[in-house]
Structures are given as C-alpha cells and as structure tokens.
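Accompanying notes for the structure given below.
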Amino acid sequence: MRAFLVVIALGFSMAIMISIPPGIVANQEAVQSLTENFSSTINTAATLIEVSNSSGGGMPSGMPSGATFFRFGRGGAFIDETVVDEIRTIEGVKDAVPFLEVSSNETTPETMNTPRGSFTINRPLYTIEGVCLNSTFIDEYSILPTNITTPGRNLREGDSGRVLLSLNLSDYYDLGVGGSIGIYGEPFTVVGIYEPVSQGFMRTNEVYMNISDAQRITSNTGNVSRLDVYADNASVVDNIAEVIQAAYTGLSASTNAGRMQMYQTALNNAESTLSQTQTVAFEEIVIAIVATSLIVLVMMLYTVRERTKEIGILKAIGFSNWSVMSQFMLEGILLSLMAGVVGVVIGIVGAPYISSLLLPSANHVNLFSTRGGFGSQVVNFSARATVAPDLRTLLLGLGAVVLLGAIGSLYPAWRASRTSPMEALRYE
Amino acid sequence: MSELVLKTEKLDKVYKLGGRQVRALSDVNIQVKKGDFISVMGPSGSGKTTLLNMLGCLDKPTYGKVVLDNLDVTKVPEKGLFKIRKYKVGFVFQTFNLMPYLNAIENVELPMDGTKKSKDEKRKRTRELLKMVGLSEREEHRPHRLSAGEQQRVAIARALANNPAIVLADEPTGNLDSKTGHEIIRLLGKLNIDQGTTIVMVTHDSLIASRASRMLFLNDGKLLAKEKQGTHLLKKELTCPNCGREIQPDDTFCPRCGKKL
C-alpha cells in the first residue's frame with residue numbers, strides 16, 4: 001500500500017516534470033507564431049493609409065460629379081473610383097486597393113427603446129463586401145477572410161456571380177456551398193463559407209463578392225466606399241496621407257502609427273509573459289525534482305528501518321555490504337521506474353491539464369483579436385499551441401525519475417549496508 | 001587427533017554502557033574439533049550469545065583471537081568478514097529468522113546467492129538439504145505456512161547451504177515446545193553423525209545441552225573449568241545391537257525389532 005502511494009506520488013511528480021517542458025515549448029510556439037503573424041501584419045500595417053470619405057454628405061471636392069450617396073457604406077459617402085488611379089500616381093504609393101461596402105437590401109426588424117418610447121427600425125441583415133479580386137491584392141494584402149470551412153473555397157481572381165458567406169448567414173439561410181442566394185434581385189452561387197475570427201465585433205454578417213458585381217447590383221458603378229493605400233515604405237506614409245488630404249477635401253487618410261505602438265507594446269508583453277512563464281516553469285521543475293528525491297529518500301529510509309532485522313539476517317548469512325546496498329538501490333530504482341511508467345501515462349493523458357494548471361499561459365497567448373484593424377485585414381492577436389510531451393521528453397522524464405530514485409536511495413542503501421549485523425538481529 | 005575447526009584464545013569482550021564497562025566475556029578459550037557437537041550452557045546474561053557472535057564473525061572481540069578453519073578471523077578486516085560468514089559459518093537462530101516473503105526453497109538458496117554455483121546446482125543442493133531435514137514436501141511453502149519446528153528445519157537447511165566448517169546455533173529450541181525442541185536436537189545430532197557437521201550450540205536448557213557430545217559452562221562471561229560429556233551417541237551407537245537397524249538417541253526400545261536397548 002505504501003509502495004503504491006509512493007509510486008502514485010512519484011508518478012505525479014514525474015508527470016509534472018514531463019508536462020512543463022512541452023508547456024513551455026507550446027508557449028514559445030504560440031509566441032513565435034504570434035510574432036511571425038504579427039510582424040508581417042505590422043510591416044504591412046506600417047505602410048498602410050486608410051482612405052475614406054469623412055464628409056458624411058455633400059460631394060467632396062476633387063471628386064467628379066455623378067458620385068452618389070448610398071444608405072450607409074462604412075465610410076459614410078462614397079468615393080469616385082477614378083480617385084483610385086489618381087492616388088496610385090502619388091509618389092511613394094505602392095498600390096491602392098478599393099472596397100465597396102454596401103448594406104443588404106434585406107432587412108430585419110429591430111425594436112429600439114428610447115426615452116421617447118420604443119419604435120421598430122429595419123436593420124440591414126448583412127453587409128455586402130465588394131473586393132477587388134486581383135491575385136496580387138488577394139495574396140499580398142489579405143483582402144479576404146482566411147478561416148474558410150470545408151468543403152468550399154475562397155474567392156479567386158475573376159470570380160463573378162459567386163459569393164463567400166459568413167457562417168452566421170449560412171446558418172440563417174440554411175445555405176451550404178453550391179447553394180444560391182438572391183442579392184438585390186440577382187442570384188449568386190455560394191463558393192465558400194468563412195468563420196469570422198471575432199464574434200465580439202458587430203459586423204460579422206458579411207457577403208464577400210467581386211467589387212464589380214457589388215457595384216452593378218447596388219447601382220454603384222464607379223463608386224467605392226474606401227481605399228487601402230499602401231506606401232513603398234513606412235517613412236513616406238505620413239507624407240502620402242497629407243498629400244491625399246490636401247488634394248481631396250473631404251477624404252480622410254489615416255495611418256496606423258498609434259495603433260501600431262499599442263500592438264508593439266502588446267507583443268512585448270507577450271514576450272515578457274513567456275519569460276515569466278519560463279521562470280515559473282523552472283521553479284516548478286526544481287520543486288518536482290526535490291520532491292521526487294525527498295519522497296524516495298524518506299520512503300527508503302523508512303524501508304531500511306523497517307527491514308533492519310532482514311538486513312541483519314542477510315549479513316549474518318554472508319551478504320556483503322555491497323550486496324545489501326545494491327539490493328536497496330535496486331529496490332529504489334525499480335520503485336522509481338514503476339512510478340516513471342505511471343508518470344508517463346499521467347503525463348500523456350494529463351499534460352495539457354497539468355501544464356495549464358501550473359502554467360496558466362502555457363498553451364496560448366491571447367493579446368486581443370479584432371477584425372478590420374488594418375483596413376479589411378483580419379488581425380488575430382491570439383495564438384494557441386498544443387501541449388503534448390514528445391517521446392524525447394517522456395524518455396528524459398523517465399530517465400530523470402529513475403536517476404532521482406537512485407540518488408534518493410543512495411543514502412538509505414548506504415546506511416543499510418553499514419548496519420551492524422549483530423545490532424540488526426537484535427532489532428525488533 | 002581430529003583436526004581443529006575452531007579455536008579461541010583469551011577471548012575478551014568489553015562493552016561500554018553509559019560510561020560503564022561491562023565485561024561480557026573474559027579469557028575464554030575453546031577448542032572445537034571437526035565433527036564435534038558442543039553445547040555451551042549458562043544462565044541468561046552469561047555471555048553465551050556474545051560468544052557465539054564472536055565465533056560467527058558478527059562481532060569482534062576486544063581482546064584475544066578466534067581461529068576458524070586455520071584462519072585468525074580477528075585479523076580479517078570488516079569488509080572481508082562476509083566471506084567467512086558465507087562459506088565457513090552457518091547460523092541457526094532462536095527466532096528462525098527466515099525471510100517471510102520467500103518460500104522454503106528460496107530461503108535455503110539465499111546464502112548461495114553470489115556463489116559460483118549455477119542455478120541448477122543451487123536448486124539441486126537446496127533440494128538435498130530440504131530432504132535431509134525432512135521438508136521435501138514443503139519446499140514451496142512460505143514461513144507463515146510452516147510450523148515453528150518446520151521453520152527451524154528450514155533455518156538449519158539454510159545454515160548448511162554452503163557446506164560450512166561449523167554451524168552455530170543460538171538457542172535453537174528456545175522458541176519451540178519441548179517435543180519439537182527435541183526433534184530439532186535430534187536433527188542436529190543426526191546431521192552431526194551422518195554429515196559430520198561440526199556444531200556449537202548455546203542454550204540455557206540443561207536437558208537440551210545434555211544432548212550434545214560435550215557440554216561447556218559459561219558464567220559471568222567466564223568459561224568454567226568443568227566440562228561434561230553429553231548423551232549424544234556416536235554413529236555406531238545409533239544402531240540396534242540386535243537387528244542392526246537405525247535407532248534414535250532417545251529410543252529405549254528398538255522401533256524395528258522391539259527389543260530393549
């Protein structure tokens with residue numbers, strides 16, 4: 001019974017030893033993936049200027065006549081598409097990516113409670129997101145969602161009459177891949193369904209389609225609602241923003257300087273969390289090692305005391321000090337080995353739980369998650385990694401427990417071997 | 001003259017007990033010849049067990065020497081004594097001291113652990129010994145399933161495992177009832193006669209002591225000059241003069257022919 005309890009205790013000790021390193025690895029992986037993801041996002045964001053019509057009404061100067069206002073596009077009023085090409089010619093501009101965001105013609109009634117009483121408004125059911133399906137834009141500027149569910153695919157260059165539906169909408173319409181949806185009186189084929197990265201943000205019900213389709217069906221030919229302007233490098237971003245604002249009254253050009261500062265701080269925090277986690281992990285492993293050695297030491301000392309008479313008999317019938325010592329050492333090692341096997345089992349099954357218990361931030365790094373943080377890009381500031389001890393860790397853990405078992409048994413075994421046979425035989 | 005197996009010269013043992021010196025043995029001189037069956041008698045605290053511990057290399061004398069099989073064991077360093085205990089001496093204890101988790105055959109085999117004998121040789125020797133002590137049928141039994149007498153038989157078989165020069169028995173009948181005690185003494189006597197085993201037995205029981213061939217007396221750590229002849233018979237005397245069959249030392253009538261001995 002005692003041996004059984006010791007085996008279980010040592011098993012847990014070992015499970016801690018083998019669960020923590022994978023926890024740290026997972027933490028490192030999470031931070032690394034976050035850093036990589038984040039770095040490219042930051043690099044792109046640093047060169048980004050978001051251009052929208054901030055006038056909210058009236059015709060911005062510099063814009064050709066004919067541009068119309070339409071319900072509520074995100075930027076308020078629309079921008080004439082010709083501005084896109086004009087902005088592309090500004091020195092230092094690498095590219096300008098147009099978007100057209102228009103509310104759906106389908107609405108859903110929503111009751112509003114105000115001090116003057118409650119009334120019902122018809123809220124648009126979703127937003128049509130018209131994106132310029134140019135392969136360069138798709139690849140370089142991540143203009144489309146990335147979490148596409150299977151089966152199904154993302155939109156591609158040249159897609160027309162095809163849409164990408166949010167998971168919410170797919171559920172709402174009970175519509176799968178290959179299904180057909182009528183938008184502004186025109187049928188569209190659903191080629192894929194995407195899962196929005198954040199449910200916290202309101203605008204998750206979106207239908208992505210080719211910008212030309214969006215313009216046509218919403219009678220917005222020649223209009224875009226906003227532009228993502230990319231500079232050649234971050235140093236010219238402010239100049240370009242000033243040039244745009246000066247040239248087009250009513251257009252607002254905002255850069256991400258402040259936001260990037262915030263993101264960089266958050267990333268630094270993630271790295272500092274990793275470092276703290278590693279320190280805690282190190283301390284916990286040291287505690288587990290000391291605990292393992294102490295358990296074996298106390299257990300074996302107790303065993304030696306309990307079996308004093310037996311030691312006396314063995315010595316009286318001719319066992320050498322070395323034989324007695326090796327017998328107790330072997331016992332300690334075998335006990336540890338059994339505990340090691342138990343520990344491997346506990347470790348394999350419980351590593352994620354143990355590591356999340358001991359290292360709360362072991363398997364995920366979650367700064368914040370948002371959508372549309374940089375233009376249309378989906379920016380995910382969280383990363384998750386799986387905590388699973390690999391074979392090497394398991395073998396190392398097993399080796400460590402056996403070694404600690406041997407170390408813990410050393411003194412008790414030595415004491416046993418030094419016991420005087422005459423004294424030991426008298427022991428009751 | 002028979003070969004000397006064991007000899008002590010001016011054996012002294014002094015213990016320190018709380019700053020006080022206690023002389024457990026004083027100037028003990030014993031000579032044990034090959035094939036002897038000696039009993040050392042004395043009251044409790046007379047130094048019997050201390051003497052046996054000296055003879056069996058479990059303890060070292062304060063003064064004097066113990067020569068066992070022509071080797072002065074008092075000069076053997078502590079580290080080397082285990083070999084003497086393994087090959088030269090066989091112990092039989094009052095409380096049997098068998099390993100509770102080993103069966104009879106494993107207990108008897110234990111002293112052979114680490115010897116050059118092969119596994120088969122060890123097993124063969126063990127079976128011979130168990131047969132010799134009359135426990136062939138009980139070899140798979142653990143101590144708790146054996147009677148006290150049977151346990152002592154296993155202990156005797158274990159003492160003989162490495163064919164020692166001498167068997168040292170410390171109150172071998174102390175934990176047994178009178179009948180079983182006599183059976184054990186008879187067994188020791190038989191081994192002494194049949195196998196030529198040299199035995200030194202300490203006891204405080206005069207009747208048991210009298211069954212040896214020589215009786216020595218120890219009092220206050222000193223060996224008394226008087227020495228008595230025991231009732232132990234020689235091999236030739238253990239046959240019936242009428243029919244020639246084997247008889248036991250206790251027998252008054254021959255169990256075979258029924259005639260008075």
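Below is a table of values for the structure above.
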{"quantity": "Chain B, accessible surface, carbon-and-sulfur percent (1.4 angstrom probe)", "calculated": "48 percent"}
{"quantity": "Carbon plus sulfur fraction of accessible area for the stretch A:300-364, probe 1.4 Å, in percent", "calculated": "74 percent"}
{"quantity": "Base-10 log of normalised Debye intensity for chain B (one unit scatterer per alpha-carbon) at q = 0.11, 0.13 Å⁻¹", "calculated": "-0.62, -0.86"}
{"quantity": "Computed lengthening from A:SER219 to A:ALA266, 0.36 nm per intervening residue step minus Cα-Cα distance", "calculated": "12.6 nm"}
{"quantity": "Extension gain from B:ARG127 to B:THR252, taking 0.36 nm per residue of separation minus the Cα-Cα distance", "calculated": "41.8 nm"}
{"quantity": "Mean projection area, nm², convex hull over Cα of the stretch B:74-191", "calculated": "7.6 nm²"}
{"quantity": "Pairs beyond 24 Å (Cα-Cα), from B:LYS75/B:LYS190; B:LYS88/B:LYS222; B:LYS65/B:LYS88; B:LYS60/B:LYS131", "calculated": "B:LYS75/B:LYS190; B:LYS88/B:LYS222; B:LYS60/B:LYS131"}
{"quantity": "At R0 = 25 Å, FRET efficiency that the Cβ-Cβ distance of A:GLU36 and A:PHE282 yields, to 0.05", "calculated": "0.45"}
{"quantity": "Accessible area, probe 1.4 Å, largest first, for residues B:ASP27, A:ASP171, A:ASP80", "calculated": "A:ASP171, B:ASP27, A:ASP80"}
{"quantity": "3J(HN,Hα) from dihedral phi, the stretch A:103-118, Karplus parametrisation 6.51/-1.76/1.60, rounded to Hz, x for glycine, proline", "calculated": "5, 6, 7, 7, 10, 10, x, 9, 8, 10, 9, 10, x, 7, x, 9"}
{"quantity": "Heavy-atom SASA rank of A:PHE12, A:PHE188 (probe 1.4 Å, accessible area, largest first)", "calculated": "A:PHE12, A:PHE188"}
{"quantity": "Contact surface B-A: accessible area buried, both sides summed, square angstrom, 1.4 angstrom probe", "calculated": "1500 Å²"}
{"quantity": "Under DSSP loop assignment and at most 15 Cβ neighbours within 10 Å, longest GluC sites (Glu not before Pro)-free interval of chain B", "calculated": "B:4-139"}
{"quantity": "B:THR239 long-range amide H proximity, modeled H, under 5 Å", "calculated": "B:ILE247"}
{"quantity": "Set B:LYS48/B:LYS119; B:LYS33/B:LYS122; B:LYS48/B:LYS179; B:LYS13/B:LYS228; B:LYS13/B:LYS122 screened for pairs whose C-alpha atoms are more than 30 Å apart", "calculated": "B:LYS48/B:LYS119; B:LYS13/B:LYS122"}
{"quantity": "Carbon and sulfur %, accessible surface of the stretch A:117-262 computed with the full protein complex present, 1.4 Å", "calculated": "48 percent"}
{"quantity": "Convex hull volume per residue for the protein assembly as shown, taking Cα atoms only, in Å³", "calculated": "295 Å³"}
{"quantity": "Accessible area (Å², 1.4 Å probe, nearest 10) - B:LYS48", "calculated": "20 Å²"}
{"quantity": "Per-residue SASA entry for B:ARG245, accessible area with 1.4 Å probe, Å² rounded to 10", "calculated": "130 Å²"}
{"quantity": "For the protein assembly as shown, accessible area per residue (1.4 Å probe, heavy atoms of protein chains only), Å²", "calculated": "47 Å²"}
{"quantity": "Accessible-area ranking of B:CYS254, A:CYS132, B:CYS243, largest first, probe 1.4 Å", "calculated": "B:CYS243, A:CYS132, B:CYS254"}
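The values are calculated or read from the model by the stated rules, or taken from the named source; none is laboratory data. For clarity, every value in this text was computed on a predicted model and none was experimentally measured. Cβ sites come from the backbone with ideal geometry, for glycine too, and all protein chains shown count toward neighbours. Keep in mind that these areas ignore ligands, DNA and RNA; they rest on the heavy atoms of the full protein, side chains included. Shrake-Rupley method; radii C 1.70, N 1.55, O 1.52, S 1.80 Å.
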